[in-house]
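Asks: Here's a structure for you.
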Amino acid sequence: MARIVMKFGGTSVGDLDRIRNVAKRVKREVDAGHEVAVVVSAMSGVTNQLVKYCQDLSPLHDAREYDTIVATGEQVTIGLLAIALQTIGVDARSWQGWQIPIRTDDAHSKARIESIEGELLIERMKAGQVPVVAGFQGVGPDNRVTTLGRGGSDLSAVAVAAAVKADRCDIFTDVDGIYTTDPRIVPRARKLERVAYEEMLELASVGAKVLQTRSVELAMKQRVRVQVLSSFEDKPGSLVVDEDEIVEQALVTGVAYSRDEAKVTLRRVPDRPGIAAQVFVPLAAANVNVDMIVQNIGADGSTDMTFTVGKTDLPRAEKVLNDLKATIGFEALLADPDVAKISIVGIGMRSHAGVAATMFGALSEKGINIQVISTSEIKTSVLVGAEYTELAVRALHTAYGLDAPA
Ligand code: ADP
Ligand code: ASP
Ligand code: MG
């Protein structure tokens, strides 16, 4: 007998038939004698619609009200799945974040989980009941509903798995595992049987949406065994494991892309000590995450500064900086949302030179201009025009020998 957390994403609970299918899948594990807790997302498309309502009303909306609105999608699916389970004879009950409680900090719209009360869930599971937990949501210090950032149900699942000391956390989704790149963009992407935590963490952080970044971070820290598999087909998925469990280590394990960032350029910033702090400290204070940064050396005492921020943070970033225009002393702020970040990730990059050079060569061969570059130990990212996303991903996938045999 094992204790399992099963998480189902938006497409997997996209309509009533799919919810019935999920219920059957859960019943199979219950019938096999396992203790099961389930975490679900909102029906696919619902969270996007809710986010759009907020943005259409006001781009600079109150994040606490945003959370109140966007957390509702999961309230619907937990209730529906609980009913679907009860209908086929499985004892089940729905749980919203505040009922467990899943406590978070107060960073509304991207809150961090601080604690989860696991005892009550364990008690129910031992008694044969299936807790159906709302993903993506928690409760803040002031008892208001919080959400964990887009894709956050993965994090809820891993956190619940850690809190109930589950033997494994199965993430059921609309692909049958983790691939060398998004199989929807590169049909010749290959499925990886095993991926190291560290590589998955990098891949997720640069856009591989199959797992949310913080969920991988937490799984790595708490040693939760995560498996990604299909909710529609019965076949083995991909396991996220320790580095030493990977037998054959490729130079580059995967290619990822993100269209979720926007480029900001500050023209003619005074080139003086402390200027970076003057720009980035207020952005951090406004909860704007800055990712890639480039700054040139100015010849005439001024310089252009370019960086990327999350696309949804762009209106706030523009407001913060324009309010400080006189203090910082830049000439103009240019915002470009039509960019994509393309990244290669691989533990093999640690020990091999020339890996990034292959990347630049492959992109130049396709005539793709690189706007910004950033690197870390096991990753290189470039910013390109959004229209080149697919072309760049395919070119790199081929350049690093990742294509499946034709
Ligand atoms: P869910 O709603 O189940 O959480 P997501 O849409 O968040 O599903 O994540 C699954 C999607 O991730 C897939 O449909 C696929 O297009 C995308 N994806 C991106 N990169 C990868 C990758 N390397 N391997 C598998 N899927 C990927
Ligand atoms: N429903 C939320 C979202 O779309 C959380 C999730 O699906 O993981 O971002
Ligand atoms: Mg997801």
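The values are calculated or read from the model by the stated rules, or taken from the named source; none is laboratory data. None of the values given here were measured: they were computed from a predicted structure. So basically every Cβ, Gly included, is an ideal-geometry build from the backbone, and we count neighbours across all protein chains shown.
Asks: Spot the failing condition for Arg268; the list is (1) under 27 Å from Glu387 (Cα atoms); (2) touching a Ser or Thr at 6+ places or on another chain (Cβ under 6 Å); (3) surrounded by fewer than 17 Cβ atoms within 10 Å (Cβ to Cβ), and only one is missed.
Replies: Result: Arg268 passes all but (1).
Asks: Being away from ligand 2 (no atom under 16 Å from the Cβ), touching a residue at least 60 places away in the same chain (Cβ under 8 Å) and not small (Gly, Ala, Ser) narrows it down to one residue among Glu193, Glu233, Glu198; which is it?
Replies: Glu198
Asks: Next question. Test Gln55 against the stated conditions and say whether it is modelled with pLDDT under 95 and within 15 Å of ligand 2 (Cβ to nearest atom).
Replies: Numbers: modelled with pLDDT under 95: yes; within 15 Å of ligand 2 (Cβ to nearest atom): yes.
For Gln55, the condition - modelled with pLDDT under 95 and within 15 Å of ligand 2 (Cβ to nearest atom) - is met.
Asks: Another question, if that's okay. Can you name the residue in segment 9-48 that is away from ligand 3 (no atom under 16 Å from the Cβ) and free of Cβ contacts under 8 Å to residues at least 12 places away in the same chain and, of all such residues, is nearest to Gly135 (Cα to Cα)?
Replies: The residue in question is Asp17.
Asks: Then there's this: Could you check segment 29-52 and list, in sequence order, the residues that are over 30 Å from Met1 (Cβ atoms), assigned to a loop (DSSP other than H, G, I, E, B) and either at pLDDT below 95 or among the hydrophobic types (A, V, I, L, M, F, W, C) (or both)?
Replies: Start the filter on segment 29-52 by keeping residues that are over 30 Å from Met1 (Cβ atoms), which leaves 42-52.
Filter once more, keeping what is assigned to a loop (DSSP other than H, G, I, E, B): 42-45.
Across segment 29-52, the qualifying residues are Ala42, Met43.
Asks: Could you tell me which residue of segment 75-95 is nearest to Asp15 (Cα to Cα), considering only residues that are of a type in the set (S, T, N, Q) and buried (at least 20 other Cβ atoms within 10 Å of the Cβ)? Quick ask: steps written out before the conclusion?
Replies: Narrowing segment 75-95 to residues of a type in the set (S, T, N, Q): 75, 77, 86-87, 94.
Filter once more, keeping what is buried (at least 20 other Cβ atoms within 10 Å of the Cβ): 77, 94.
Details: Thr77: 10, Ser94: 18 Å.
Here the answer is Thr77.
Asks: Still on this model: Which condition number in (1) free of Cβ contacts under 8 Å to residues at least 60 places away in the same chain; (2) touching a Cys at 6+ places or on another chain (Cβ under 6 Å) is the one that Ala157 fails?
Replies: Of the numbered conditions (1) free of Cβ contacts under 8 Å to residues at least 60 places away in the same chain; (2) touching a Cys at 6+ places or on another chain (Cβ under 6 Å), the odd one out for Ala157 is (1).
Asks: If I ask for residues that are more than 16 Å from ligand 1 (Cβ to nearest atom) and not charged (D, E, K, R), which ones from segment 219-240 would you list?
Replies: We begin by selecting, within segment 219-240, every residue more than 16 Å from ligand 1 (Cβ to nearest atom); these are 220-225, 234.
Matches in segment 219-240: Met220, Gln222, Val224.
Asks: Another question about this same structure. Can you tell me which residue is surrounded by the fewest Cβ atoms within 10 Å (Cβ to Cβ) among those in segment 217-230 that are touching a residue at least 24 places away in the same chain (Cβ under 8 Å) and part of a loop (DSSP other than H, G, I, E, B)?
Replies: Only one residue fits best here, namely Arg225.
Asks: Within the group Asp142, Asp167, Asp176, which residue is more than 22 Å from Gly310 (Cα to Cα), over 16 Å from the mean Cα position of the chain (by Cα) and within 16 Å of ligand 1 (Cβ to nearest atom)?
Replies: Values: Asp142 fails: within 16 Å of ligand 1 (Cβ to nearest atom); Asp167 fails: within 16 Å of ligand 1 (Cβ to nearest atom).
Only one candidate passes the filter, namely Asp176.
Asks: If you go through segment 304-355 one residue at a time, how many are free of Cβ contacts under 8 Å to residues at least 60 places away in the same chain and farther than 30 Å from Glu202 by Cβ?
Replies: Number of matching residues: 6.
Asks: When you scan segment 132-143, do you find a residue that is without any contact (Cβ under 8 Å) to a residue 24 or more places away in the chain, within 24 Å of Met43 (Cβ to Cβ) and more than 16 Å from ligand 2 (Cβ to nearest atom), even just one? Steps first, please.
Replies: Going residue by residue through segment 132-143, those that are without any contact (Cβ under 8 Å) to a residue 24 or more places away in the chain are none.
There is no residue in segment 132-143 that is without any contact (Cβ under 8 Å) to a residue 24 or more places away in the chain, within 24 Å of Met43 (Cβ to Cβ) and more than 16 Å from ligand 2 (Cβ to nearest atom).
Asks: Can you pull out the strands (runs of 3 or more DSSP E) entirely within segment 297-406 that have at least 3 residues that are at pLDDT below 95? Outline the logic, then answer.
Replies: Working: elements: 302-310, 332-336, 339-345, 372-376, 379-385.
Those strands (runs of 3 or more DSSP E) span 302-310, 372-376.
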